[in-house]
1. Need one word for the stretch A:145-212: rounded, prolate or oblate. Basis is the Cα gyration tensor (sqrt eigenvalues a ≥ b ≥ c); a/c below 1.5 gives rounded, then a/b vs b/c decides.
2. For the stretch A:78-163, which trypsin sites (Lys or Arg not before Pro) pass both filters: DSSP loop (anything but H, G, I, E, B) and at most 14 other C-beta atoms within 10 Å?
3. Once phi is turned into ³J(HN,Hα) by the Karplus curve 6.51 cos²θ - 1.76 cosθ + 1.60 with θ = phi - 60°, what whole-Hz value does each residue of the stretch B:347-355 show in order, with x for glycine and proline?
4. Relative to the longest principal axis of the C-alpha atoms of chain B, give the angle of the C-alpha long axis of helix B:220-231, reported between 0 and 90° and rounded to the nearest 10°.
5. On a 0 to 90 degree scale, rounded to 10, what angle separates helix B:80-92 from the longest Cα axis of chain B?
6. Among DSSP beta bridges lying fully in chain A, give the percent that are antiparallel, nearest 5.
7. What's the long-distance tail for the stretch A:80-315, i.e. % of Cα pairs beyond 26 Å?
8. In the stretch B:80-315, what % of DSSP beta bridges are antiparallel (nearest 5)?
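Here, each number is a calculation from the coordinates, and none is a lab measurement. On a predicted model such as this, the values are computed, not experimentally measured, just so you know. Here Cβ is always computed from backbone atoms with ideal geometry, including for glycine, and neighbour counts include all displayed protein chains.
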Number of protein chains: 2
Amino acid sequence: MSQKNNERYSYENSLNLFARAAKIIPEGIYGHQNPAFVIPGASPYFADRAEGGYFRDVDGNEFIDFLCGYGPVVLGHNHPEVENAVRKQMAKGSCFNHPGELMVQLAEKITSLVDLADWAIFAKNGSDVTTWAIRVAREFTNRKKIIMAKGAYHGAHAWCTDYPGGVLPEEKENILAMNWNRIDELEKLTATHPGDIAGIILTPYHHPTFAAQEMPVDGFWKKIRKICDREGILLIIDDIRACFRLDIHGSHEVFGIKPDMICFAKAMANGHPISTAVGRDRYREAAEAVFFAGTFWFSPVPMAAALTTLNILETSDAIPKMKQLGMRLKNGLEDLGKKHGYNVTVSGPSALPYMTFDDDPDLYHIQVFCREMIARGIFLHPHHNWFICAAHTDADIDYTLKTADKVFPIVARELGA
Amino acid sequence: MSQKNNERYSYENSLNLFARAAKIIPEGIYGHQNPAFVIPGASPYFADRAEGGYFRDVDGNEFIDFLCGYGPVVLGHNHPEVENAVRKQMAKGSCFNHPGELMVQLAEKITSLVDLADWAIFAKNGSDVTTWAIRVAREFTNRKKIIMAKGAYHGAHAWCTDYPGGVLPEEKENILAMNWNRIDELEKLTATHPGDIAGIILTPYHHPTFAAQEMPVDGFWKKIRKICDREGILLIIDDIRACFRLDIHGSHEVFGIKPDMICFAKAMANGHPISTAVGRDRYREAAEAVFFAGTFWFSPVPMAAALTTLNILETSDAIPKMKQLGMRLKNGLEDLGKKHGYNVTVSGPSALPYMTFDDDPDLYHIQVFCREMIARGIFLHPHHNWFICAAHTDADIDYTLKTADKVFPIVARELGA
């Protein structure tokens with residue numbers, strides 16, 4: 001695929017299809033892919049196909065895909081080796097009464113890759129494993145309270161969602177919130193609830209929506225570990241977003257975190273549906289006490305995809321390549337911003353970058369910027385971090401920066417510098 | 001595939017693989033596929049491949065598959081039309097930033113098939129949709145309490161699981177339980193909690209584990225509907241187990257139920273991972289208020305499988321065929337039981353039958369019966385209902401009954417008639 005260069009994109013087929021969808025699907029498109037979350041009317045609503053680092057929408061518009069299905073696509077869409085492994089397994093069956101040997105192989109692989117992982121358990125959704133992990137913490141400690149960071153996303157379940165619809169106060173009453181990087185707030189919570197806190201669930205770095213990403217401050221994770229040890233609190237790392245994109249051994253290695261349990265999903269199977277939680281041996285008994293089941297969880301198909309994806313991530317230059325491409329994108333965008341009179345910051349790890357304009361409280365600048373980039377074949381989300389995949393190329397970054405050089409002035413014309 | 005006829009099966013490879021699994025996976029195999037739930041040591045633990053109505057385990061033992069992956073496999077494993085649709089979609093991509101047209105087509109299909117369905121919403125797990133449905137009921141009614149039947153399975157989430165591990169009292173305190181078919185108990189609950197009950201979630205018929213299935217008594221569903229209307233309670237039908245196996249328009253049509261919402265999963269995509277909830281227009285606003293999202297939920301791959309599966313179920317003789325094969329199995333087993341001095345009952349709809357010995361409180365008789373059937377190539381679960389699929393044949397039923405004729409006397413020798 002290649003980007004159309006000559007004209008701004010339009011989205012008639014997306015809008016027509018959305019009109020059909022709105023009749024028979026709540027919100028037409030619900031959840032994180034709801035068009036209201038991107039830029040209504042100025043972004044595709046429906047995808048048609050994807051290959052490598054690109055996708056095409058239902059209007060035939062082609063894009064460099066810097067969202068990668070919100071993260072799962074790490075080697076590129078339709079990766080030949082991954083898809084071969086998937087097709088090979090599918091020919092033997094997809095849905096059984098028993099797991100296959102692949103489950104054992106995958107658990108062996110993950111426990112060998114991730115230092116603290118003495119065991120692994122598989123599911124489908126990120127929410128499946130985050131919710132199960134806090135239940136394991138409660139079972140182990142015989143305590144109720146869970147601490148999370150304000151604005152963090154751990155899934156759509158009632159205990160952690162920011163949306164109030166259909167959530168009972170009872171489902172939130174044992175959840176305590178701290179602001180990211182605020183050890184003082186954590187200390188206050190542990191002092192206020194001594195002996196009541198079962199676990200703390202945090203992402204390796206903070207990746208809220210509608211805001212810049214935040215790295216941990218110096219010493220953050222050492223202090224967290226110390227507090228957890230002192231108070232008997234389990235440290236659960238939700239590494240679903242970054243998964244193995246930053247480090248084949250897990251993002252906690254990048255940040256020097258010593259977790260008790262980790263949740264992974266997203267990129268581990270290059271787009272095929274699987275999630276996993278891993279933990280230390282001392283939590284195995286508690287893990288075994290918390291019932292965990294789903295009809296499709298033992299399907300060997302995404303396990304075949306995961307094994308192949310992890311092997312490629314481990315043995316290829318995919319991870320350093322994503323980091324390096326992301327650095328080029330970050331530096332290029334920050335330089336171009338300056339050139340056009342803006343202070344922009346590309347935050348987060350470079351393989352999962354997100355750009356904000358420094359003085360843009362209503363996010364209008366980033367919205368116009370992304371709208372115009374999207375209209376020129378570069379899919380950048382205005383409110384959610386972006387993803388580099390290993391199929392992206394230096395030419396994709398060049399084209400993106402060349403386009404940004406045209407788009408910053410459009411933002412300036414529309415909103416003022 | 002065909003059954004080996006000459007010898008009892010053994011499971012060395014399963015046991016060896018389980019020893020590997022037990023080192024690095026909690027319980028080795030957790031959840032519903034935990035070997036402890038079937039017959040430890042006397043049943044395969046790991047599957048190798050499957051085709052049509054048969055599967056092969058990792059020891060090379062071949063079985064008539066009367067569990068069908070716990071229900072999803074309805075047309076037979078590796079069904080050519082379904083798998084072609086899946087492969088065709090996979091070649092275009094599996095994981096996108098946006099849904100595809102297939103989501104709209106599938107919602108249109110389901111809302112046209114299911115009478116009450118003015119809208120449909122998709123997820124991965126059965127638990128995803130049952131939990132979301134009760135949240136919609138709470139949102140709509142602004143009430144907290146949910147009634148369910150004792151022993152019913154609505155997924156692994158804290159509110160509905162029977163297992164206490166990691167479950168807080170707060171997560172159960174708004175769940176009320178009635179015994180199946182006991183309208184008097186429901187009346188008592190509504191009298192005790194007037195104006196507090198948001199919804200009642202029930203399966204179309206009762207399919208507990210470790211017990212015979214129970215059909216609704218005469219007038220049950222009419223009375224339920226009347227009580228729901230009188231009290232302003234939403235009636236949610238959990239049709240995940242039977243799904244479209246009994247009726248292409250939903251099991252509620254078989255039983256004359258008038259639900260407000262229905263949850264489907266299992267058989268709708270012949271083994272590919274997808275679940276759905278449907279509802280009436282009056283609940284759309286509440287549905288839109290309850291956030292619902294999962295990374296992999298908009299994947300068009302299982303949607304392609306679902307569209308093809310539903311089309312085949314609608315236009316072929318699959319559903320009457322499963323019913324008729326199930327009737328032959330039911331009548332045959334009950335007759336053979338009598339011949340060998342047992343009263344056995346095959347309960348439930350004939351396409352999802354389950355056999356119990358009438359005087360078998362510890363389930364030893366059904367365990368020995370299933371163990372010996374399994375050892376002869378017929379996979380029957382001792383504690384969970386069975387599934388007929390459209391790939392099963394009259395010859396499979398003949399062989400099953402011929403084998404049962406040999407196995408009943410073995411049960412008698414081991415346990416007495």
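1. Values: a/c = 2.18, a/b = 1.11, b/c = 1.97.
It is oblate, given that a/c is not under 1.5 and a/b is not larger than b/c.
2. Details: sites: A:Arg87, A:Lys88, A:Lys92, A:Lys109, A:Lys124, A:Arg135, A:Arg138, A:Arg143, A:Lys144, A:Lys145, A:Lys150; in loops: A:Lys124, A:Arg143, A:Lys144, A:Lys150.
Taking the stretch A:78-163 and a limit of 14 other Cβ atoms within 10 Å, the loop trypsin sites (Lys or Arg not before Pro) found are A:Lys150.
3. Coupling constants for the stretch B:347-355: 9, x, x, 5, 6, 10, x, 8, 9 Hz.
4. With both axes taken from Cα atoms, the answer is about 20 degrees.
5. Between the helix axis and the principal axis of chain B, the angle is about 60 degrees.
6. Working: 22 of 39 bridges.
Restricted to chain A, the bridges split so that about 55 percent are antiparallel.
7. Pairs farther apart than 26 Å: 36 percent.
8. On the way: 10 of 25 bridges.
The antiparallel fraction comes to roughly 40 percent.
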